[in-house]
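Asks: One structure follows; several queries about it will come next.
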Amino acid sequence: MNSLLDNLKTALMKWMKLSCEDTSPLISESMDHELSFLNRMRLKVHLFICGMCQCYQKQLRTIQGLARCLGKEDNELQFHI
């Protein structure tokens, strides 16, 4: 029984692991819409241990915020013209 539980835990941990290459599309996707529960958990686990992907996520959030600001400015200019 114990070895079955250990095998299950090992398989789950292998499945939860994501490479940075697998993580970057999930980071992008998570900014556009909600991920499935399992993909959210996989992403959170990877981001917890990977500083490079944390940095990538911050960069994407910065770009997204800047794009929103630029979009608002464009809309305001259209109303003033």
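Asks: Only residues in the range 21-35 that are in contact (Cβ under 8 Å) with a residue 24 or more places away in the chain and aliphatic (A, V, I, L, M) count as the first member; pair them with residues that are part of a helix (DSSP H, G or I) and open to solvent by 70 Å² or more (accessible area, probe 1.4 Å), Cβ under 7 angstrom, at least 6 apart or cross-chain, and list the lot.
Replies: Listed by first residue and then by second, the contacts come to 27/56.
Asks: Ok, one more. Which residue is surrounded by the most Cβ atoms within 10 Å (Cβ to Cβ), if the candidates are limited to the range 36-52 and must be aliphatic (A, V, I, L, M) and either more than 21 Å from residue 64 (Cβ to Cβ) or under 9 Å from the mean Cα position of the chain (by Cα) (or both)?
Replies: 43
Asks: Okay, moving on. Please go through the range 1-20 and pick out each residue that is in contact (Cβ under 8 Å) with a residue 12 or more places away in the chain, outside any helix (DSSP H, G or I) and either in contact with a Cys (Cβ under 6 Å, 6 or more places away or on another chain) or open to solvent by 40 Å² or more (accessible area, probe 1.4 Å) (or both).
Replies: Listed by number, the list holds a single entry, 17.
Asks: May I pose another question? Return yes or no: is residue 1 aliphatic (A, V, I, L, M) and modelled with pLDDT of 95 or more?
Replies: Considered against the rule, which asks whether it is aliphatic (A, V, I, L, M) and modelled with pLDDT of 95 or more, residue 1 comes out as no.
The values are calculated or read from the model by the stated rules, or taken from the named source; none is laboratory data. None of the values given here were measured: they were computed from a predicted structure. Using ideal geometry, Cβ is built from the backbone for each residue, glycine included, and neighbour counts are taken over all protein chains shown. All accessible areas refer to the heavy atoms of the entire protein, side chains included, with ligands and DNA or RNA removed. Shrake-Rupley method; radii C 1.70, N 1.55, O 1.52, S 1.80 Å.
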